[in-house]
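Everything on this sheet refers to the single structure shown next.
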Amino acid sequence: MIRYGPAGIPLSCKGRTLKDGIEDVHNLALTALEVQLVRPRTQFVPADEDEEAGQTLDTLPPESGFIVGIEREGEIIYARDEPIMEEDNLIMLLVPPTTTFGDLAKLGKIARRHDVALSSHTPYYMDLTGNMEDDKEAALTGQYMDILLQAGIITDALGGDVVVTSLGPYDERLRTREETDENIFQNLSMVMDSWQEYGLKPKVGIEVTGQTDVFGTADQIFDLCDQIDGVVPILNFAHYQARTGCALETSADFADVIGQFAQFGDGHVWSAFSNVEVDRENCYEKVLTPLKKGDLKFERLAEALAEIGPDMTIISCSPLLEHDAVYMRTLTERVLSKKAQKALKERKKEQAKAEKEAEEAAAAEASASEEPPAEE
């Protein structure tokens, strides 16, 4: 099955709530939605002794705001079922996906009822390249690790499948690329340890990136997936096209790269698509563009999809968002329809040929039976 959907609430959605977005996606006959958790600013607020003590993240009232975690004696707790104590500080998300944390489970049920698969995306400036043994770097890197873990807590409550993220840039003024790669591995491993501690079900999806000075080639991501449980690759076609200097030209090129990504996780391929203008000489992504303009041909991808029929989610990150998500689905359906029509014609042709051969054989047999016996 191939699911299509937008990266965020549809632009044409009159309401701007996540519930409105899920319903609009369904009304557009789309079946996926990537929740944008890209503004993760938080602040600590003291727990209210009367209203909040004894409550959990799921049961806090709307007046408390969107509380994503608890700070207790210097320790951060993200367990949804942890009772709040009077002395606790609460971690409030200032730009939340919905009014309260408790709303998330309800929205997840609405999404499942409408057959809309949910995922999420962390901020685009994530940076897990710091050395956690260096006090100066550990504070900032720890914040990014917290952001990723908070996205996991939220996505798990929604019943989402994957949290999409990037891992950070190279800065050779601070460390070598090899040292950066090692830091990323260590930091992501720590995040996944916390992921398992809290029993989070979504995968962590590492996205192919569009610049060579940022961690995120396909091979780098595949290595992480091989070494760390719960990590899957995210095939961002625009980023991949930029990093490879426009390697995706034919339907066979698309089929090949989809096959590579399908080897991980449970075989489902999570992906994002937008067209893109590429600096081919420097393998650099210049700008994302609508589907009909750029250095990618979705028609070739549609041909590959019709040929191999992958289990796949394609999120539109095009400037035209849901318009291009619908257009991608339509183009794929056209290719599938043409393929089905061609197959039907071939079957009819083969059937007609078989019928003709049967008639000729029957006529020959009848002719042979009507010949007079030979004279003695």
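Laid out as a table, the results:
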item	result
Given Lys14/Lys106; Lys136/Lys286; Lys106/Lys293, the pairs whose alpha carbons are separated by over 29 Å	Lys136/Lys286; Lys106/Lys293
Taking the chain and dividing mean pair separation by its residue count, relative contact order in percent (alpha carbons under 8 Å, at least six apart)	15
Net charge, Ala117 excluded, C-beta distance under 10 Å - Lys, Arg +1, Asp, Glu -1	-1
Percent carbon-and-sulfur accessible area, region 235-275, ignoring ligands, DNA and RNA, probe 1.4 Å	45
Degrees between helix 218-227 axis and first principal axis of the chain (Cα, 0 to 90, nearest 10)	70
Label assignment, Cα extents along the principal axes in Å derived from the structure, set [x] 119, 49, 41; [y] 62, 39, 37; [z] 75, 56, 39	[x]
Estimated distance in nm for a label pair at Gln260 and Asp20, the labels positioned 7 Å out from Cα along Cα-to-Cβ	4.1
Alpha-carbon Debye profile of region 1-92, log10 I(q)/I(0) at 0.25, 0.26 Å⁻¹	-1.12, -1.19
Bridge type composition, the chain - antiparallel percent by DSSP, nearest 5	40
Amide hydrogen neighbours beyond the local backbone of Gly294, cut-off 5 Å, H modeled	none
Selected from Asp115, Asp156, Asp171 as most flexible by GNM, with the chain as the system and alpha-carbon contacts under 10 Å	Asp171
Candidates Ala29, Ala352, Ala238: whichever shows maximal mean-square fluctuation once the chain is modelled as a Gaussian network with Cα springs under 10 Å	Ala352
Max mean-square fluctuation residue, GNM over the chain, Cα-Cα springs under 10 Å, options Leu167, Leu11, Leu305	Leu11
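The values are calculated or read from the model by the stated rules, or taken from the named source; none is laboratory data. This structure is a prediction, so every number in the text was calculated from the model and none was measured. No Cβ is skipped: glycine too gets one built from the backbone with ideal geometry, and neighbour counts run over all protein chains shown. Quick note on the areas: whole protein, heavy atoms, side chains included, nothing else; ligands and nucleic acids left out. Shrake-Rupley method; radii C 1.70, N 1.55, O 1.52, S 1.80 Å.
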